[in-house]
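The structure appears below as structure tokens.
The values are calculated or read from the model by the stated rules, or taken from the named source; none is laboratory data. Just so we're clear, the structure is a prediction, and the values are computed from it rather than from any experiment. All Cβ positions, even for glycine, are placed from backbone atoms using ideal geometry, and neighbour counts span all protein chains on display. In case anyone asks, the SASA skips ligands and DNA or RNA and just uses the protein heavy atoms, side chains included. Shrake-Rupley method; radii C 1.70, N 1.55, O 1.52, S 1.80 Å.
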Amino acid sequence: MAVREAAREALDAIIVGAGIAGLYQLHRLRELGLRATVIEAAGGIGGTWYWNSYPGARCDIPSMSYSYSFSPELEQEWEWTEKYPAQPEVLRYLEHVAERFDLLRDITLGSRVTAARFDETAARWTVTTDPGGDLTARFLILATGCLSVPKLPETPGLDRYRGRVHLTARWGTGKAGFDGLRVGVIGTGSSGVQVIPVIAEQAAELTVFQRTPSFCIPAGNRPLDAAEVAAMKAGYRQWREAQRTSGFGIPSDPPARSALEVSAAERDAAYQAGWERGDLTSLIGSFTDVLVSREANETAAEFVRAKIRAAVGDPGLANALSPRTYPIGTKRPCLDSGYYATFNKSHVRLVDLRATPLQEFTPAGVRTTQREHELDAIVLATGFDALTGAIAAIDIRGRDGAVLADAWRDGPRNYLGLAVAGFPNLFTVTGPLSPSVLSNMMVSIEQHVEWIAGCIAAMAAAGHRTIEATGRAQDNWVRHVAMVGAVTLFPSADSWYTGANVPGKPRVFLPYLGGVGEYRRACDRVAARGYQGFALA
Ligand code: FAD
Ligand code: NAP
């Protein structure tokens, strides 16, 4: 599709990506009276919720908290049906938002941004789109997503395999059925844990290829009842404020005690309460030290392993499904809607790839070091080149022709996760080194979008043409993010948070762990001090 003609007029901003971030950024810039356009590679809006349409895909933050807060009218009129909404419902919501705020007329779908070059004389970005050609604008805003570039398995031979191949992160809109088929699923992170129980209901045989097991906590998903919806809607403003000042964008009482200073019975009672709440944070957040002390962490990990043993009939299978190679919480936990119970079904088999690694795809299926598994369909739930993948995929050149990919060769370097020294008038929404994926992302996205809009408005008021992070502020921020991460157990795990899932990617702890409330205060302080740490010209 060609880039919309309107987009060719003198633009103030080009926004890349039409997910939650890009949609809201467009709305905010329009409110400032700016001319902005959105370029989106997908055939529809919604980002994550467009691409990940695999069976079982579901949000794992409660719906009424994983929704925009910027419009009280939108909050009141939209009716969520479940505690954890399924992918079609989230996508419907985003489509409603796009229509309600008349966003579609400034969005070009089916066009990929391949390159961007900053022209120092004109103080404008020239952005190359494919298809679509070149566009120019004063500001370039990358709302390209933290989890938008899928990672395929490194295993050779996929092109030789003759059966059906599905990628959870590029599922498509057609309904793929698995009735009567021999299906293999590779990957047991959040996507695998969600898709496996649903495919198990259809397949004649399901083989799950697991390299690293996940810790899963029961979702306890259920329909929302009218009274709780009404109560939430009545108190939405206070709730939103609590989200913004919380640690992870999900209000909760901070723990007061160490897991090691209470009796085993008290500890288990606290973990049990967290388990029953059916969310991502309560169990791990039961004590102050679960994410900082190996000994404390092991008490929570063992609590969940005992639950796996109780859920899975075969003790050998329960053992194989029990994570032991990383501290609980340092790889993203999953919410379980029938995952462990699926392994009690006689037609479901687990292949432990640590014992028998994958060797190759064959024309008939996959071969491990033990044997060949013949399969009619393979589902790849093998994750993403997270946080930096979508930015690195664009050939971005800043001041003096500096190449962003070179500047980030040893890991991302930026200021506040928002701006990069040497790349004026470029912003990243929930970029690496911001709380991003370690939060309810709706909260982090809104905060970034609003900060960027505020910055652009302040520049206009002061008559500034460019803004650019200083090298010094950037160095300090990179050091600070690493220091905060290093206090915790997170960097010790081979996770996508550290880039360890992508061969050759530098190992850097990518999200900022200071908490969304603290981070927001830091960003607001920078703005209040006249954009301290930035050079304005
Ligand atoms: P995205 O939704 O990823 O949108 C980015 C868009 O940019 C994409 O559509 C992509 O096609 C486009 N794009 C990228 N590069 C280019 C380019 N060069 N040219 C043109 N277009 C480009 N977070 C939570 O907080 N809670 C959850 O429950 C949750 N569930 C998730 C479930 C799944 C399956 C996945 C994968 C992620 C989940 N996340 C969740 C994280 C989720 O990514 C964010 O919550 C949020 O949707 C991100 O929105 P975004 O607009 O920043 O990015
Ligand atoms: P992921 O967590 O990175 O999981 C990928 C899985 O594939 C892992 O089990 C990984 O094993 C395995 N894998 C990767 N390459 C492999 C290979 N070559 N051979 C064998 N196994 C391989 O990715 P994801 O499940 O898509 O989730 C990514 C993130 O998206 C989540 O953490 C979450 O933030 C978000 N998400 C959220 C939800 C939700 O519930 N709302 C749903 C889906 C995704 P190793 O661990 O050994 O690398």
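Details
- Selection of segment 246-281 for residues being among the hydroxyl-bearing types (Ser, Thr, Tyr) and modelled with pLDDT under 95 yields SER246, SER252, THR281.
- Scanning segment 420-439 for residues that are farther than 17 Å from PHE139 by Cα and surrounded by fewer than 24 Cβ atoms within 10 Å (Cβ to Cβ) yields a count of 2.
- Flag for LYS345 being touching a residue at least 40 places away in the same chain (Cβ under 8 Å) and touching a strand residue (DSSP E or B) at 6+ places or on another chain (Cβ under 9 Å): yes
- Strands (runs of 3 or more DSSP E) (entirely within segment 159-224) containing at least 1 residues that are touching a Cys at 6+ places or on another chain (Cβ under 7 Å) and open to solvent by less than 10 Å² (accessible area, probe 1.4 Å): 216-218
- Selection of segment 189-213 for residues being more than 14 Å from ligand 1 (Cβ to nearest atom), among the hydroxyl-bearing types (Ser, Thr, Tyr) and under 24 Å from the mean Cα position of the chain (by Cα) yields only THR212.
- Within segment 154-178, considering residues that are hydrophobic (A, V, I, L, M, F, W, C) and more than 16 Å from ligand 1 (Cβ to nearest atom), the one nearest to TYR50 (Cα to Cα): ALA176
- If you go through segment 226-283 and pick out every residue that is open to solvent by less than 50 Å² (accessible area, probe 1.4 Å) and in a helix (DSSP H, G or I), you end up with 12.
- Qualifying residue in segment 365-375 (condition: within 12 Å of ligand 2 (Cβ to nearest atom) and out of contact with any Ser or Thr (no Cβ under 7 Å at 6 or more places or on another chain)): yes
- Pair list, Cβ < 9 Å and 6+ apart or interchain, from segment 447-463 residues that are within 25 Å of VAL516 (Cα to Cα) and charged (D, E, K, R) to residues that are open to solvent by less than 20 Å² (accessible area, probe 1.4 Å) and in a helix (DSSP H, G or I): GLU450/TYR24
- Among the residues of segment 489-537, just one is surrounded by fewer than 19 Cβ atoms within 10 Å (Cβ to Cβ), under 28 Å from SER252 (Cβ atoms) and among the polar types (S, T, N, Q), namely SER492.
- Those helices (runs of 4 or more DSSP H) of segment 31-116 in which 1 or more residues are within 13 Å of ligand 2 (Cβ to nearest atom) and touching a Leu at 6+ places or on another chain (Cβ under 9 Å) occupy 48-51.
- Positions within segment 420-474 being among the small types (Gly, Ala, Ser), on the phi > 0 side of the Ramachandran plot and away from ligand 2 (no atom under 16 Å from the Cβ), in sequence order: GLY422, GLY463
- From TYR66, TYR93, residue being closer than 22 Å to LEU26 by Cβ, buried (at least 20 other Cβ atoms within 10 Å of the Cβ) and free of Cβ contacts under 8 Å to residues at least 40 places away in the same chain: TYR93
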